[in-house]
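Bear in mind that the values in this text are calculations on the coordinates, not laboratory data. Keep in mind the model is a prediction, meaning the values are calculated, not measured. Cβ atoms come from the backbone with ideal geometry, glycine included; neighbour counts cover every protein chain shown.
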Amino acid sequence: MAKIDAFFRLMNAQGASDLHVSSGNLPALRIKGSLERVNYHVLDSDELEELLFEITPDDKRKIFEETGDLDFAYELPGVGRFRANYFRQAHGVAAVFRQIPSEIMTIEQLGLPSVARRFATLPKGLVLVTGPTGSGKSTTLAALVDYANKHRRDHIVTIEDPIEFQHRSRNCIINHREVHRHTLSFAAALRGALREDPDIVLVGELRDRETISLALEAAATGHLVLATLHTQSASKTVHRMIEVFPAEEQESVRSLLSDTLKGIMAQTLLKRMDGKGRIAAIEILVGTPAVATLIREDKTYQLPTVMQTGRKYGMIYGDDALEDLVRKRLVAPEEAFEHAAEKERFIPYMKTIPEEYRDLIEKAEKTAAASGGGAPQQGGGRPAGARPVARTRR
């Protein structure tokens with residue numbers, strides 16, 4: 001048994017999602033969203049290299065020594081699989097290991113909106129799952145593939161770096177490809193996929209312009225493309241997809257994206273009020289004709305309004321999702337406030353008004369008093385432009 005395996009067993013015992021090991025620091029586990037130090041000793045670079053290289057394949061070690069960065073998957077029988085990222089830093093080597101759940105959670109188990117099932121059964125188009133690092137994008141994508149695997153009779157090709165969730169072919173045939181192991185790059189694998197008679201292509205990450213371009217091409221030629229991006233909202237995702245191209249190409253990209261985009265799920269993980277881990281707030285954009293028109297005409301600043309009024313199509317605006325969690329007392333108002341786009345709408349829920357918003361509150365109070373609006377609510381009133389919301393006392 002490798003020495004570092006003891007840390008992976010500790011992760012399981014503590015319910016940790018990540019293990020951080022870094023030269024010059026104590027090891028740490030991410031538990032329910034927060035880093036907790038492990039009762040161990042400070043690791044020096046030589047000791048940590050020995051721990052890491054004991055589980056590193058020779059070809060991967062060569063890549064790390066040449067580039068200073070490495071991604072691969074490590075499996076410990078009886079414990080689980082882990083996505084490993086090695087990197088060099090000022091004091092030596094460092095690594096982060098993320099646990100990949102051995103059991104693929106379903107759309108129902110994750111509590112994803114019902115529109116997710118529709119996304120998984122689309123005949124063609126582009127569906128994006130976005131969010132910051134650690135927001136559960138891979139878990140959501142795995143649930144979509146799992147649903148397709150159970151309800152379709154198609155060929156699914158996944159392209160990842162490294163392979164995370166391993167699906168067993170059921171009604172579908174699933175082929176997993178790992179970048180740098182089975183193919184040179186995401187772009188090379190995408191080019192190859194178009195000749196492999198796929199119905200669904202999963203792209204672990206749209207990292208660059210070439211990969212985005214090929215993903216759009218695949219979606220436009222009759223394939224369902226599922227992919228991730230590191231963006232924090234649906235509207236920012238659309239901007240990212242377009243702005244990565246030179247100005248002279250953006251008009252044609254907007255046209256292609258407007259035709260192929262079928263949905264965006266932008267998710268954020270928040271700490272639960274009851275301390276039982278984290279919960280996702282998910283923004284949903286559905287590629288309706290109205291959305292396609294806004295993208296084509298470069299009016300993406302109107303997408304938040306479309307999401308707010310498009311619930312009948314399965315759309316959810318991000319701040320509405322956050323407010324729903326606050327109303328259900330699943331997430332603290334302060335937590336929602338930190339992640340909200342329209343932060344002022346969460347102030348009436350909060351006991352303490354953030355310093356930078358006090359002037360705004362005072363201005364709203366004066367405006368209300370001058371217009372005969374009556375006495376302000378306890379907690380500072382509602383800021384101008386904020387929606388009426390029910391007071392929730394804690």
- Note on the structure: Long-range amide H partners of residue 277, meaning residues 5 or more apart or on another chain whose placed amide H is closer than 5 Å, are 272
- Query: Which FRET efficiency, nearest 0.05, do residue 308 and residue 175 yield, Cβ-Cβ r, R0 35 Å?
  - Reply: 0.30
- Note on the structure: By the Cα gyration tensor axes a ≥ b ≥ c (a/c under 1.5 gives rounded; else a/b larger than b/c gives prolate, otherwise oblate), the shape of the range 149-278 is oblate
- Item | Fraction of antiparallel bridges per DSSP, the chain only, in percent to nearest 5 | 60 percent
- Quick one: of 343/366; 32/150; 262/343; 32/60; 271/366; 328/351, which pairs are farther than 26 Å apart, Cα to Cα? 32/150; 262/343; 32/60; 271/366
- Task: Calculate, in nm to one decimal, what residue 328 and residue 42 gain on full extension: separation in residues at 0.36 nm each, minus their alpha carbon distance.
- Result: 98.7 nm
- For the range 107-327, what relative contact order do you get, as a whole percent, if you take Cα pairs closer than 8 Å and at least 6 residues apart? 22 percent
- When you count, for each residue, the other Cβ atoms within 10 Å and take the mean per peptide, how do 191-204, 137-150, 34-47, 9-22 rank with the highest first? 137-150, 191-204, 9-22, 34-47
- Item | Relative contact order, percent, the chain [alpha-carbon distance under 8 Å, six or more residues apart] | 11 percent
- Amide H neighbours of residue 180 under 5 Å, counting only residues 5+ apart in sequence or on other chains, H built in-plane at 1.01 Å? 185
- Task: Rounded to the nearest Å, what's the spacing between the alpha carbon centres of the range 293-312 and the range 4-71? Just the number, please.
- Result: 44 Å
- Query: If you take the square roots of the eigenvalues of the alpha-carbon gyration tensor of the range 5-100 and sort them as a ≥ b ≥ c, do you get rounded (a/c under 1.5), prolate (a/b over b/c) or oblate?
  - Reply: oblate
- Could I have the simple spin-label model distance between residue 6 and residue 247, label points 7 Å from Cα toward Cβ, reported in nm to one decimal? 6.0 nm
- Which option, (i) 31; (ii) 44; (iii) 21, is the value of percent of Cα pairs over 37 Å apart that was calculated from these coordinates? (i)
- Message: Whole-Hz ³J(HN,Hα) for each residue in the range 289-298, computed from phi via Karplus 6.51 cos²θ - 1.76 cosθ + 1.60 with θ = phi - 60°, x for glycine and proline: what do you get?
- Response: x, 5, 5, 4, 5, 4, 5, 5, 8, 6
- Note on the structure: Simple spin-label estimate for residue 35/residue 298, 7 Å along Cα→Cβ, in nm, reads 4.2 nm
